[in-house]
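Colleague: Right, I'll just put the structure down here and ask away after.
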Amino acid sequence: MLDTAPLSDLRWNRGYTDPEWVRRFTTAGRELSPTRRVWRGPGPARPLPARPVGLDELDLVETAAGPLRLEPLLAAAHTDALLVLHRGEVVHEQHRHGTRPHDPHFNASTAKSYLGLVAATLAHEGRLDRDRPAAHYVPELAGTAFGEARVQDLLHMGTRVSYAGRPFDKPREALRYQAVVAPSLRPHDYRGPDTIREHLLTARATGAPGEEFCYENGNVEALAAVLRAVTGTTTSDLLSEVLWSRLGMEEDAYYVVDGDGVEAACGGFSATARDMARLGEMLRTGGTVDGRQVVPEEVATTIVSGVPQGYPQRVRLPAAPPDSPATLSYHDLWWVLNDPYGSFMASGIHGQRLLVSPGLDLVVVHLASQVVSPAVPQVPIVPAFLRLGEHLSGRA
């Protein structure tokens, strides 16, 4: 099945540049598509102790118009929520545009990093072999670009792919993927795949895997299919089992699901800022919560150091968040900043960020409804986060 609709006809494309449409999409995913919950578990929520620190007068980044402080920075980024943890304490928290602390917010591609953490944990436990091709676990993927790639290649965006015989174009394929998982976004004459499974089966390799970085959602959806095959459970239940139910979360999270009831693992995920902060704090402390190991220490501490040989290191990668440093690497679906502080982050469209900086004792969550358009300048959110951390740690 080949989607031949022009790019301009995809309804999602018009939403990119409409601030109110973006805000509705990022805060009301359950109103647009069916969803499945990620259970928070039976226990009480883990407290987030507060130690408010005044940050409003701090110059965060230099711009052509002069230094930019917190409030104008957040306004320019269409911020819906900001939460800053320093040494495990909330030093700053605010929720804007009607977003409340208990409201799950669209996480977009930050969800890729969560799945990467689950996969790395299963590999550490010996339940998943990084060097096996995906088709070893999901025979239906044999003959596709993703089936012939190793699990390791999927975890590092190491495939070269085209869909349905058309030349690969990242923005166009991102829009078509949205049409697969959200029928309400399809043009009236849509003739493409109806499910993620059908979409993946149209993928063909255009080069050998493991030789080049190409940021593409299909890698993550194929990885999710592998994890479902290995564990015999849904992506939602697996994320709950490995992470969400073990971190003292306050709220259930949820995934958008397609027509087969399969989760949109690469980005159809929503959670609260506070619960994202709990996940980041666990990673900052080497995979522990209150002295209890949640993910193996080796998994948590090698996100930065474990970029495998043969993949780009310390270079500007395609599709990197535009405001982030030029020395990025990519490991197990996390962006690695290669800064002096061992910082890494999960990042998603429209301004979603989870930044973890062990060297600065810092975790920052940023949720937003930022317009995506060449006509709208990108806001230097990540450098501002690091400046906050340097200030809080006395390194400014």
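Colleague: Can you confirm whether the stretch 109-132 contains a residue that is in contact with a Ser or Thr (Cβ under 7 Å, 6 or more places away or on another chain) and either farther than 30 Å from A222 by Cα or in contact (Cβ under 8 Å) with a residue 24 or more places away in the chain (or both)? Before you say what the answer is, go through the steps one by one.
Modeller: Our first condition is that a residue be in contact with a Ser or Thr (Cβ under 7 Å, 6 or more places away or on another chain); within the stretch 109-132, this holds for 109-110.
Now drop any that are not either farther than 30 Å from A222 by Cα or in contact (Cβ under 8 Å) with a residue 24 or more places away in the chain (or both), which leaves 109-110.
Yes.
Colleague: Sort out which residues of the stretch 208-221 are buried (at least 18 other Cβ atoms within 10 Å of the Cβ) and acidic (D, E), and write them in order of number.
Modeller: Matches in the stretch 208-221: E216, E221.
Rundown of residues vs (1) surrounded by 24 or more Cβ atoms within 10 Å (Cβ to Cβ); (2) assigned to a strand (DSSP E or B); (3) hydrophobic (A, V, I, L, M, F, W, C), yes/no style:
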residue	(1), (2), (3)
V226	yes, no, yes
S236	no, no, no
L239	yes, no, yes
S245	no, no, no
G248	no, no, no
Y254	no, yes, no
D275	yes, no, no
G286	no, no, no
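Colleague: Report every pair of residues separated by at least 6 positions or lying on different chains whose Cβ atoms are under 6 Å apart, first residue within the stretch 333-362 and among the β-branched types (V, I, T), second assigned to a loop (DSSP other than H, G, I, E, B) and open to solvent by 10 Å² or more (accessible area, probe 1.4 Å).
Modeller: Filtered contacts from the stretch 333-362: V336/V304.
Colleague: When you check V242 against the structure, is it under 13 Å from R36 (Cβ atoms) and either out of contact with any helix residue (DSSP H, G or I) (no Cβ under 7 Å at 6 or more places or on another chain) or among the hydrophobic types (A, V, I, L, M, F, W, C) (or both), yes or no? I'd like the intermediate steps shown before the answer.
Modeller: On the way: under 13 Å from R36 (Cβ atoms): no; either out of contact with any helix residue (DSSP H, G or I) (no Cβ under 7 Å at 6 or more places or on another chain) or among the hydrophobic types (A, V, I, L, M, F, W, C) (or both): yes.
It is false that V242 is under 13 Å from R36 (Cβ atoms) and either out of contact with any helix residue (DSSP H, G or I) (no Cβ under 7 Å at 6 or more places or on another chain) or among the hydrophobic types (A, V, I, L, M, F, W, C) (or both).
Colleague: Restricting to the stretch 148-161, name every residue that is open to solvent by less than 60 Å² (accessible area, probe 1.4 Å) and farther than 18 Å from A264 by Cα.
Modeller: Pass one, the stretch 148-161, residues open to solvent by less than 60 Å² (accessible area, probe 1.4 Å): 149, 151-159, 161.
Once the filter is applied, which keeps residues that are open to solvent by less than 60 Å² (accessible area, probe 1.4 Å) and farther than 18 Å from A264 by Cα, the stretch 148-161 yields A149, V151, Q152, D153, H156, G158, T159, V161.
Colleague: Which condition number does A205 fail, the rest of (1) closer than 17 Å to A142 by Cβ; (2) buried (at least 22 other Cβ atoms within 10 Å of the Cβ); (3) more than 21 Å from the chain's Cα centre (by Cα); (4) of a type outside the set (K, R) being met?
Modeller: (2)
Colleague: Does R353 count as open to solvent by 10 Å² or more (accessible area, probe 1.4 Å), at pLDDT below 95 and of a type in the set (K, R)?
Modeller: Numbers: open to solvent by 10 Å² or more (accessible area, probe 1.4 Å): yes; at pLDDT below 95: no; of a type in the set (K, R): yes.
Judged against the criteria, R353 is not a match.
Per-residue answers, yes or no, for (1) without any contact (Cβ under 8 Å) to a residue 12 or more places away in the chain; (2) within 17 Å of C266 (Cβ to Cβ); (3) out of contact with any helix residue (DSSP H, G or I) (no Cβ under 7 Å at 6 or more places or on another chain):
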site: Y177; (1), (2), (3): no, yes, no
site: A182; (1), (2), (3): no, yes, yes
site: T206; (1), (2), (3): no, no, yes
site: E211; (1), (2), (3): no, no, yes
site: A222; (1), (2), (3): no, yes, no
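Colleague: Sticking with this structure for a sec: I need a count of the residues in the stretch 162-202 that are touching an Asp or Glu at 6+ places or on another chain (Cβ under 7 Å), crowded, with 23+ Cβ neighbours inside 10 Å and not in a helix (DSSP H, G or I).
Modeller: 1
Colleague: Here is a follow-up. For A277, indicate whether it is touching a Pro at 6+ places or on another chain (Cβ under 8 Å) and within 21 Å of F344 (Cβ to Cβ).
Modeller: The answer is no for A277.
Colleague: For the stretch 224-239, enumerate the residues that are β-branched (V, I, T) and in contact (Cβ under 8 Å) with a residue 12 or more places away in the chain. Lay out the reasoning, then the answer.
Modeller: Initial filter on the stretch 224-239 (β-branched (V, I, T)): 226, 230-231, 233-235.
Correct list: V226, V230, T231, T234, T235.
The values are calculated or read from the model by the stated rules, or taken from the named source; none is laboratory data. Predicted model, so just to flag it, every value in this text is computed and none were measured. All Cβ positions, even for glycine, are placed from backbone atoms using ideal geometry, and neighbour counts span all protein chains on display. Areas reflect the complete protein model, heavy atoms only, side chains present, ligands, DNA and RNA absent. Shrake-Rupley method; radii C 1.70, N 1.55, O 1.52, S 1.80 Å.
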